[in-house]
């Protein structure tokens, strides 16, 4: 009886989080506050103002929930991952989608197999898949950013050799480079125009993009600010180093592509076969989870699968 209660609780939390996340979409922006004030002074505009007041209350509720989630260390780490993956959702909205994926996995497992064991495994898939998708997007965006750094440095150094200052060179890169580099340098330029120091804006970019190459560039610019020198020449030298690193990383990624795919296939194949057998013959497959010595089989299989996947990932991760 505990398992249905747990599933019901997860579904209720998912529905609640979804409605809280949807409330984020109806939050009134700051630019409408003056219009709300003026509408209160005009006849016949009270209804619109009341509607916007209710929307503002819903937005304040969502912001309060999101602030509460972000106050925890795990919530702050999740918010950082969302920024690095450039997902335009709040932490609360992502958690709502995460809970919904878990609930859908549990419901799908029950409807397909009518077995609680398969439902729990489908729920675990709902736990893992959203996080894996988030990390995959974050890694892909970071890789694209690193591949653009060589061109960014050449544009920065070329602009400064033409007589531009650092801020003007950043403006040129922000307009000429596509995302993700162009978007990040646009954010740096926006921070500078809002009064933030140039080095502080660049340091903020290293928090949004956890790239070692980018930290190397920001360090070189900081050293130039402290001791002086020819920044254009420094950036050209750093550009050559980064270009070689990107080339070597690309070669290593091509050489280890087969091993990387083998790790994914070996990890997913037993789970897929197990779910198919649970759908075709659930009574036969459920015997593995009965109390007794046979219970060691699925436990040992899970431990060995996870260990093998981690070992393969560790072997193909080569630092450059």
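Overview of values
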{"read-out": "Output for the stretch 180-200, where each listed residue is assigned to a loop (DSSP other than H, G, I, E, B) and either under 15 Å from residue 167 (Cβ atoms) or free of Cβ contacts under 8 Å to residues at least 12 places away in the same chain (or both)", "value": "194, 195, 196, 197"}
{"read-out": "In the stretch 304-320, the residues that are in a loop (DSSP other than H, G, I, E, B) and either touching a residue at least 24 places away in the same chain (Cβ under 8 Å) or over 24 Å from residue 244 (Cβ atoms) (or both)", "value": "318, 320"}
{"read-out": "Failed condition for residue 168, given (1) modelled with pLDDT of 90 or more; (2) over 21 Å from residue 207 (Cα atoms); (3) crowded, with 21+ Cβ neighbours inside 10 Å", "value": "(3)"}
{"read-out": "Condition check for residue 142: in contact (Cβ under 8 Å) with a residue 60 or more places away in the chain, farther than 17 Å from residue 239 by Cβ, under 27 Å from the mean Cα position of the chain (by Cα) and part of a helix (DSSP H, G or I)", "value": "yes"}
{"read-out": "Residue in the stretch 264-273 that is over 22 Å from residue 105 (Cα atoms) and loosely packed, with under 11 Cβ neighbours inside 10 Å present", "value": "no"}
{"read-out": "From 245, 215, 222, 260, residue being free of Cβ contacts under 8 Å to residues at least 24 places away in the same chain and closer than 24 Å to residue 85 by Cβ", "value": "215"}
{"read-out": "Options 127, 152; residue that is modelled with pLDDT of 90 or more and outside the structural domain of residue 285 (by TED's automatic domain parsing)", "value": "152"}
{"read-out": "For residue 254: the one exception among (1) at pLDDT 85 or above; (2) surrounded by 12 or more Cβ atoms within 10 Å (Cβ to Cβ)", "value": "(2)"}
{"read-out": "Enumeration of residues in the stretch 278-312 that are surrounded by 12 or more Cβ atoms within 10 Å (Cβ to Cβ) and over 21 Å from residue 115 (Cβ atoms)", "value": "308, 309, 310, 312"}
{"read-out": "Unmet criterion (only one of (1) in a loop (DSSP other than H, G, I, E, B); (2) at pLDDT below 85) for residue 86", "value": "(2)"}
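Listed here are the residues, each with its yes/no results for (1) within 26 Å of the chain's Cα centre (by Cα); (2) over 30 Å from residue 150 (Cα atoms).
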site: 250; (1), (2): yes, no
site: 265; (1), (2): yes, yes
site: 274; (1), (2): no, yes
site: 295; (1), (2): no, yes
site: 313; (1), (2): yes, no
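For (1) in contact (Cβ under 8 Å) with a residue 40 or more places away in the chain; (2) within 14 Å of the chain's Cα centre (by Cα); (3) in a helix (DSSP H, G or I); (4) on the phi > 0 side of the Ramachandran plot, each residue gets a yes or a no:
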position: 125; (1), (2), (3), (4): yes, no, yes, no
position: 132; (1), (2), (3), (4): no, yes, yes, no
position: 160; (1), (2), (3), (4): yes, no, yes, no
position: 168; (1), (2), (3), (4): no, no, yes, no
position: 175; (1), (2), (3), (4): no, no, yes, no
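The values are calculated or read from the model by the stated rules, or taken from the named source; none is laboratory data. No experiment lies behind these values; they were computed from the predicted model shown. Note that we place each Cβ from the backbone using ideal geometry, even for glycine, and neighbour counts take in every protein chain shown.
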